[in-house]
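Peer 1: Below is a structure I'd like to ask you about.
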Amino acid sequence: MKSSIESLQQEIDRFIIESSDELETFRFRFMVRKGSIAELFNRLKNVPKAERPAYGQLLNRLKQSAEKKYDTAKKQLDALSSGHREQHFDLTLPGRTEYVGSEHPVQKVLGDMKQIFRAMGFTIATGPELERDSYNFDLLNFPANHPARDMQDTFFITREEGENNLLLRTHTSPVQIRVMLDEKPPIRVICPGKVYRNEAISARSYCVFHQLEGLYIDKNVSFADLKATVYSFAEQMFGSNVQLRFRPSFFPFTEPSAEVDVTCYLCGGKGCRVCKQSGWLEILGCGMVHPNVLRNCSIDPEEFSGFAFGMGVDRTALLRYKIDDIRLLFENDVRMLEQFSQ
Ligand code: DAH
């Protein structure tokens, strides 16, 4: 009997009550009419009469310690849960804000551009950033050792002679080649993506940036189609009263070639610091796909013609969101990015 009392006391002392379930288990095990303490009281009648009062006392003490433990634990749990309830219903407390990610400014601008071209029937094509020398240059009508290659300072990855030499693409134009090698005209694609140039890094230029390329090949595609497409894009992107200027230019993969400026949408064409007082901002390069490029991709230039264009994305993001250093777009500092969560 004595050892039963002692071991039950130990059990009670060691019992951990941290939840209302545990409290209920405790009550059920020790305190109800058929619980372990009541059972010991029942066994009291088998104890010799003379020893009964002493055991009775021990049992009473055991019972009291269980009751005390139960009461204290119950009070603590009640206090905790009513505390929770108060907190829960205090509507004056500021809510806990969930951190939600936001779209990067470049992705927002790219998203708008893609949307405009998608509505005109362009689909999206992608290609690798690690590109073959031949797709980045040769097939785009940059002959080996031609000075036109100097227009784009290149990160070369391998130093092999020939078409398998690898580099980080310097523009999205090699995706044109990939699409033309894979598909038959009519072709109408845009190719967004990252490009790399080995340039001195400054607030205005970085070694990585984003371009969006466009390519349209079909029968009887003319420069007028190119102009109409660029006009429609510029009006939707920069506002319906924007004016355009096509300047003759040179790219090895287009003939004729042009660069396109829009009236500076910051000063409305009057002249400001951003447009260097000219009233114009350059937005893209474009032209009619060179017959050599079509031939390189087994498309007959007598049967098909096409136009292409390529534009930078980052500069538009910088201007639209008034960010004055291109490096901020690539550092991915959340304190900067959080500002564009709307
Ligand atoms: N690839 C040219 C560059 O990075 C941009 C460009 C100009 C793309 C004219 C074109 C184009 O498709 O037709 O400077």
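The values are calculated or read from the model by the stated rules, or taken from the named source; none is laboratory data. Given the structure is predicted, the values throughout are model-derived calculations rather than measurements. As a convention, Cβ positions derive from the backbone with ideal geometry for all residues, glycine included, and neighbour counts pool all protein chains shown. In case anyone asks, the SASA skips ligands and DNA or RNA and just uses the protein heavy atoms, side chains included. Shrake-Rupley method; radii C 1.70, N 1.55, O 1.52, S 1.80 Å.
Peer 1: Could you list all residues from region 125-147 that are more than 16 Å from L181 (Cα to Cα) and in contact (Cβ under 8 Å) with a residue 24 or more places away in the chain? Quick ask: steps written out before the conclusion?
Peer 2: Our first condition is that a residue be more than 16 Å from L181 (Cα to Cα); within region 125-147, this holds for 129-130, 142-147.
Within region 125-147, E129, L130, F142, H146 qualify.
Peer 1: Moving on. Filter region 208-233 down to residues that are in a loop (DSSP other than H, G, I, E, B) and either within 14 Å of the ligand (Cβ to nearest atom) or crowded, with 16+ Cβ neighbours inside 10 Å (or both), then give me how many there are.
Peer 2: Residues of region 208-233 that are in a loop (DSSP other than H, G, I, E, B), as a first pass: 219-222.
From what is left, the residues that are either within 14 Å of the ligand (Cβ to nearest atom) or crowded, with 16+ Cβ neighbours inside 10 Å (or both) are 221.
So the answer is 1.
Peer 1: All but one of (1) under 60 Å from the mean Cα position of the chain (by Cα); (2) at pLDDT 90 or above; (3) not aliphatic (A, V, I, L, M) hold for S20; state the number of the condition that does not hold.
Peer 2: (2)
Peer 1: Right, here's the next one. Out of (1) free of Cβ contacts under 8 Å to residues at least 12 places away in the same chain; (2) within 15 Å of the ligand (Cβ to nearest atom); (3) closer than 25 Å to L110 by Cβ, what's the single condition that is false for D150?
Peer 2: Result: D150 fails condition (3) only.
Peer 1: Hey, among D261, D333, which residue is within 16 Å of the ligand (Cβ to nearest atom) and of a type in the set (D, E)? So that I can check it myself, show each step before the final result.
Peer 2: Values: D333 fails: within 16 Å of the ligand (Cβ to nearest atom).
Matching residue, one of D261, D333: D261.
Peer 1: Can you find a residue in region 291-305 that is touching a helix residue (DSSP H, G or I) at 6+ places or on another chain (Cβ under 6 Å), away from the ligand (no atom under 16 Å from the Cβ) and in the same structural domain as F209 (by TED's automatic domain parsing)?
Peer 2: Scanning region 291-305, I find no residue that is touching a helix residue (DSSP H, G or I) at 6+ places or on another chain (Cβ under 6 Å), away from the ligand (no atom under 16 Å from the Cβ) and in the same structural domain as F209 (by TED's automatic domain parsing), so the answer is no.
Yes or no, residue by residue, for (1) away from the ligand (no atom under 16 Å from the Cβ); (2) surrounded by 21 or more Cβ atoms within 10 Å (Cβ to Cβ); (3) at pLDDT 95 or above:
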{"site": "L130", "(1), (2), (3)": "yes, no, yes"}
{"site": "Y135", "(1), (2), (3)": "no, yes, yes"}
{"site": "L139", "(1), (2), (3)": "no, yes, yes"}
{"site": "G162", "(1), (2), (3)": "yes, no, no"}
{"site": "P174", "(1), (2), (3)": "no, yes, yes"}
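Peer 1: I need the full set of residues from region 187-204 which are more than 12 Å from the ligand (Cβ to nearest atom) and either in contact with a Lys or Arg (Cβ under 8 Å, 6 or more places away or on another chain) or at positive phi (or both), in order please. Full working, then the answer.
Peer 2: Filtering region 187-204 down to residues more than 12 Å from the ligand (Cβ to nearest atom) leaves 187-188, 192, 194, 198-204.
P192, I201, A203, listed by residue number.
Peer 1: Here's a follow-up. Return yes or no: is E98 within 32 Å of the chain's Cα centre (by Cα) and open to solvent by 90 Å² or more (accessible area, probe 1.4 Å)?
Peer 2: Details: within 32 Å of the chain's Cα centre (by Cα): yes; open to solvent by 90 Å² or more (accessible area, probe 1.4 Å): yes.
The answer is yes for E98.
Peer 1: Of the residues that sit in region 141-160 and are aromatic (F, W, Y) and open to solvent by less than 70 Å² (accessible area, probe 1.4 Å), which one is farthest from H290 (Cα to Cα)? If you could, list the steps in order and put the result at the bottom.
Peer 2: So the first thing to find is which residues in region 141-160 are aromatic (F, W, Y), and the list is 142, 155-156.
With open to solvent by less than 70 Å² (accessible area, probe 1.4 Å) added as a condition, the list becomes 142, 155.
Working: F142: 11, F155: 26 Å.
Ranking the candidates gives F155 first.
Peer 1: If you check every pair at least six apart or on different chains, which have Cβ atoms under 9 Å apart with a residue in region 251-270 that is on the phi > 0 side of the Ramachandran plot first and a residue that is at pLDDT 90 or above and away from the ligand (no atom under 16 Å from the Cβ) second?
Peer 2: Short answer, once both residue conditions are applied: G268/G279; G269/Q243; G269/T263; G269/G279; G269/W280.
Peer 1: Yes or no: P248 surrounded by fewer than 14 Cβ atoms within 10 Å (Cβ to Cβ) and either within 16 Å of the ligand (Cβ to nearest atom) or outside the structural domain of H210 (by TED's automatic domain parsing) (or both)? Please lay out each step first, then the result.
Peer 2: Values: surrounded by fewer than 14 Cβ atoms within 10 Å (Cβ to Cβ): yes; either within 16 Å of the ligand (Cβ to nearest atom) or outside the structural domain of H210 (by TED's automatic domain parsing) (or both): yes.
Yes: the conditions hold for P248.
Peer 1: Within region 101-111, how many residues turn out to be loosely packed, with under 14 Cβ neighbours inside 10 Å and under 22 Å from R188 (Cα atoms)?
Peer 2: Within region 101-111, the subset loosely packed, with under 14 Cβ neighbours inside 10 Å is 101, 111.
Right, trim to under 22 Å from R188 (Cα atoms) and you get 111.
Count: 1.
Peer 1: Between a residue in region 21-32 that is open to solvent by 60 Å² or more (accessible area, probe 1.4 Å) and any residue that is assigned to a helix (DSSP H, G or I) and among the polar types (S, T, N, Q), which pairs come within a Cβ distance under 7 Å, given they are 6 or more apart or on different chains?
Peer 2: Pairs found: R29/S36.
Table: residues versus (1) in contact with a Leu (Cβ under 9 Å, 6 or more places away or on another chain); (2) open to solvent by 100 Å² or more (accessible area, probe 1.4 Å); (3) at pLDDT below 90.
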residue	(1), (2), (3)
S4	yes, no, yes
R14	no, yes, no
A79	no, no, yes
H88	no, yes, yes
